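Before any comments, here is the structure.
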Amino acid sequence: MKIGVLTGGGDCPGLNAVIRAVVRKGTFHYEDEFLGFVEGWRGLLEDKTMDLGLSAVGGILPRGGTILRTSRTNPAKHENGLQHCAENLKKHGCEALIAIGGDDTLSVAEKLFQNGVKVVGVPKTIDNDLSGTDFTFGFDTAVNIATGAIDRVHTTAEAHNRVIVVEVMGRDSGWIATYSGIAGGADVILIPEIPFDIDQVAELIRQRHARGRYFSIVVAAEGAKFAGGVETQDGPSGGRDEFGHLRLGGIGAAVASEIEKRTGFESRSVVLGHIQRGGSPSAFDRVLATRYGLGAIDMVHRGEFGQMAALRGNKIISIPLAEAIASNRKVDKEILDAAIGILDKLDYKVSRTP
Ligand code: F6P
């Protein structure tokens, strides 16, 4: 069978491991042929392709990014875009398509499926906010990078008696902030799911310092909001991509400045940004991405179209694309409880401190 493959949306470590697994299993076990559509949906829309045989995937397992490159192109926003995508697949004799991406990419995959294209999805996003799967690949690597950064910021904050706010990615959900905040021993974690009262944040830090600590670490997801406020935007005001997303950034600096105003403690901020998305995938993500790729090619040969490979417990299963894109997955209660359980508590009595 000839199968098209593309990667869409923000890149993430492990994309190449998925592509490699798809091509290796497809070639060795099913005698498939593959065609890469480059730069996400743009490649399928504009018919930009690359050969995707065994030699193309040699040595790519530890490489970050994606050999197919990516974009945030949305064919549904282009005149007859979905139709052009279907026609280009047919033109190349591709009987199926494997689309590797997050909710945006997979929402286009679902539309194409509704239009008769045989498509299988693979869940990708460092944000870990896709429904229906326990973990997306790329998340573990991002958390490791963020945790390493928090560890480093810790020592310099401690040396200078400073409050340092670390801004991590996470547009709609605070998975990276919560995991790296717990792993890095942060004192405050701010996530999009729970708008925060800056007076309470400042008071918590003031109380912590009154108990004898002289530095604090705050981790803030880029989508975190002041109570009653909106997300902090980076770049041209109102600028949105083809999926309607604003470019976020700046919450870390805003929080640091408000904490300094309220507490008098010298405060700084760092933005981890794309450092979290670049570089080599962790061993966990290499294995997970490989298993997703193997799952996707098996799904193609079982005829499970309009479906996405998903991780449940330790099993790779197949779920409807519609389920995966139905809603953004928020940080779940167990993880929130873990964060709440380990963080400082406001109004803890200073007199009881040893
Ligand atoms: O892919 C998700 C994500 O990493 C978000 O956390 C972040 O807001 C966004 O991508 C950044 O996208 P871009 O690289 O297009 O600026």
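Accessible area of His274 (1.4 Å probe, protein heavy atoms only, ligands and nucleic acids ignored): about 120 Å².
Remark on Arg268: its backbone amide H falls under 5 Å from those of Val163, Ile164, Val165, a criterion applied only to residues 5 or more positions apart or on other chains, H modelled at 1.01 Å from N. On a per residue basis, the chain carries 42 Å² of accessible surface, using protein heavy atoms and a 1.4 Å probe. Amide H contacts of Leu35 (H built 1.01 Å from N, in plane; Pro and chain starts excluded): Ile3, Gly4, Val5 sit under 5 Å, all sequence-distant by 5 or more or on other chains.
Placing unit charges on each Cβ (+1 for Lys and Arg, -1 for Asp and Glu) gives the chain a dipole about its Cα centre, and among Ile325, Ile259, Phe226 the Cα reaching farthest toward its positive end belongs to Ile259.
The C-alpha atoms of the chain occupy a region whose extents along the principal axes are 73, 38, 30 Å, arranged from largest to smallest. Checking every one of the chymotrypsin sites (Phe, Trp or Tyr not before Pro) in region 136-226 against DSSP loop status and a limit of 14 other Cβ atoms within 10 Å picks out Tyr214. Helices in the chain that qualify as membrane-span-like (whole DSSP H runs, Cα extent of at least 24 Å along the helix axis, mean Kyte-Doolittle hydropathy of 0.0 or higher) are 139-160, 283-302.
Within a Cβ distance under 13 Å of Ala296, other residues only, what is the Lys/Arg minus Asp/Glu net charge? Every neighbour counted, the sum reads +4.
The number of Lys pairs in region 58-158 with C-alpha atoms less than 20 Å apart, excluding pairs fewer than 8 positions apart on the same chain, is 6.
Rounded to the nearest 20, the Cβ-based charge dipole of the chain about its Cα centre (Lys and Arg +1, Asp and Glu -1) stands at 520 debye.
Placing unit charges on the Cβ atoms only, positive for Lys and Arg and negative for Asp and Glu, gives region 199-316 a dipole magnitude near 460 debye about its Cα centre.
Residues whose amide H falls under 5 Å from that of Gln233, counting only those 5 or more places apart or on a different chain, are Gly249, with hydrogens built in the peptide plane. Distance from the C-alpha centroid of region 209-231 to that of region 76-151: 33 Å, rounded to the whole angstrom. If only the Cβ of Lys and Arg carry +1 and only the Cβ of Asp and Glu carry -1, the dipole of region 41-183 around its Cα centre is close to 360 debye. Of the accessible area of region 230-336, with the probe set at 1.4 angstrom, what percent is carbon plus sulfur? Accessible surface attributable to carbon and sulfur in region 230-336 totals 55 percent.
The values are calculated or read from the model by the stated rules, or taken from the named source; none is laboratory data. Just so we're clear, the structure is a prediction, and the values are computed from it rather than from any experiment. Positions of Cβ are backbone-derived with ideal geometry, glycine not excepted, and every protein chain shown enters the neighbour counts. Heads up: the accessible areas ignore ligands, DNA and RNA and are worked out on the full protein's heavy atoms, side chains in. Shrake-Rupley method; radii C 1.70, N 1.55, O 1.52, S 1.80 Å.
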